[in-house]
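Undergrad: The structure that follows is given in the form of structure tokens.
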Amino acid sequence: MVTAYFMAKEADAMGLFDKIRGEFIDIVEWIDDTDNTLVRRFDRMGNEIKYQAKLVVREGQQAVFVNEGQLADVFKPGTYTLETKNLPILTTLQGWKYGFHSPFKAEVYFCSTRQFTNLKWGTPGPVTMRDKEFGPVRVTSFGIYSIRVKEPATFIKEIVGTDGNFTTESITENLRGKIGLRIKEVLPETGIPVIELESRVVDLGQMLKDRIAPSFGGFGLELTEVQVQDIGLPEEVERAIDKAGAIKAVGNLNAFTQYETAASISAAAENPGGTAAAGVGMGMGFAMANQMGQAMSGRPGEPSQTPPPLPGYFVAISGKQEGPYDMDTLRKKAVAGEISRETLVWKAGMGQWTAAGQVPDVAALFDSVPPPLPGS
């Protein structure tokens, strides 16, 4: 019985010792296993921090001590032994005039100071810009930004409050709205033509960052990057830009119409229709050239002031260059005997002068020409 009594007393003593030991915290640290936590309050569940306990602040963190709602000491990365010399502000707030050597209570907030990237922003509505070429244009934009906590004490005081687990989702809605509103101010002031906005997104991002960063600093945050990923323009403006690019790509209209007309004649001459098909192709080419000339002159129904030259072949007659002649004229000269299969001909695109009989579309003209009379 006596033995059982002492064993029970020993068990009670061990239990009391474990209880007392459990009330004192020896190590204060936070291992962050998330990718979105800005601030995490150290979970001590009412327990007291032991005098000379170890505080472990890892890289990318800072620790803030709060005493009854008042900000106290801030610790940067490192390992600390918590005592009077490391907690000067808390010592003052607690009234420890001669230091302390017993457990104490204080809230500890760990703040992640690494960068949080790929946070999204967008204009809350179209931005009206005045453009010299298009007039008033309504523009939208969106992108991403990056932040980090620069002043943990300020951030906790201004934003976090008593929230024990503060994540990026807790603040991004507010920040997204601030960026969206600021870009509505910045875009019209840039003076960048709307046609160049897409090529100036890097400059826009930097302008936006410079304008917004001071207001972020008031929250203890640093705005490290702003990216403008897309600029949205009205459909009619995009069509106008596409049209301007197409006209620029065509370049010299006269050369373009000459090429198209010559190509249609060559294709027609290779068809079984012979010279008749060539005539049809020529007519279609001339009509197309005339329509394009009218479109560029801006006066429908009126011919262009500088029509393209007529396509055709040059011929060498008696050692002299003549022409250019169209296919109908060449046919008449072939019938009249002014040119023969041995007559040299040339047109744009040919490498050198060639005998007419070796040029397929010209050689076809001689099929209907009778041979010379016997004895002539």
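Taken together, the values in this text are just the output of simple stated rules run on the coordinates, not laboratory data. Since the model is a prediction, treat every value here as computed from it, not as a measurement. Using ideal geometry, Cβ is built from the backbone for each residue, glycine included, and neighbour counts are taken over all protein chains shown.
Undergrad: For every other residue with a beta carbon closer than 14 angstrom to the beta carbon of Ser146, add +1 if it is Lys or Arg and -1 if Asp or Glu, then tell me the sum. Each step should come with its number before you reach the end.
TA: Working: positive: Arg114, Lys120, Arg148, Lys150, Arg176, Lys209; negative: Asp35, Glu222, Glu225.
For residues surrounding Ser146, the net value is +3.
Undergrad: Within 9 Å, Cβ to Cβ, of Val108, how many net charges do the neighbouring residues add up to if Lys/Arg are +1 and Asp/Glu are -1? Present the calculation step by step, with values, prior to reporting the outcome.
TA: Details: positive: Arg41, Arg44; negative: Glu107.
My count for the surroundings of Val108 gives +1.
Undergrad: Can I ask one more? If you wrap a convex hull around the alpha carbons of region 188-235, what volume per residue comes out, as a whole number of Å³? It would help to have the intermediate numbers written out before the result.
TA: Working: hull volume 4.1 nm³, N = 48.
Output value, Cα hull per residue: 85 Å³.
Undergrad: Please compare each pair in Lys97/Lys157; Lys105/Lys150; Lys97/Lys150 to a cut-off of 29 Å on the Cα-Cα distance and tell me which ones are over it. Could the numbers behind the result be given before it?
TA: Numbers: Lys97/Lys157 27 Å; Lys105/Lys150 26 Å; Lys97/Lys150 32 Å.
Over 29 Å Cα-Cα: Lys97/Lys150.
Undergrad: I'm a student and want to see the number: the projected area of the Cα convex hull of region 313-368, averaged over all directions, in nm².
TA: Values: hull surface 13.8 nm².
That works out to 3.5 nm².
Undergrad: Next up: Need one number for region 24-112: average projected area of the convex hull over its C-alpha atoms, nm².
TA: Working: hull surface 21.9 nm².
About 5.5 nm², averaged over all directions.
Undergrad: Hey, how much of the P(r) for region 64-177 falls beyond 21 Å, as a percent of Cα pairs?
TA: Numbers: 3605 of 6441 pairs.
More than 21 Å apart: 56 percent of the Cα pairs in region 64-177.
Undergrad: For region 156-164, in order, what is each residue's ³J(HN,Hα) by Karplus, 6.51 cos²θ - 1.76 cosθ + 1.60 with θ = phi - 60°, in whole Hz (x at glycine and Pro)?
TA: Once rounded to whole Hz, the list reads 5, 5, 8, 10, 6, x, 9, 5, x.
Undergrad: Also: What base-10 log of the normalised intensity I(q)/I(0) is obtained for region 116-238 from the Debye formula, alpha carbons as equal point scatterers, at q = 0.10, 0.15, 0.16, 0.21 Å⁻¹?
TA: -0.34, -0.68, -0.75, -1.13
Undergrad: Identify the residues of region 23-67 with backbone N under 16 Å of a label point that sits 7 angstrom from the Cα of Thr117 along the Cα-to-Cβ direction, or state none.
TA: 35-36
Undergrad: Let me ask something additional. Jot down the radius of gyration and Dmax of region 60-101, Cα atoms only, both in angstrom.
TA: According to the Cα coordinates of region 60-101, Rg and Dmax are 10.7, 34 Å.
Undergrad: Within the set of other residues whose C-beta is less than 12 Å from the C-beta of Trp353, count the net charge using Lys and Arg as +1 and Asp and Glu as -1.
TA: Numbers: positive: Lys347; negative: Glu342.
Net charge around Trp353: 0.
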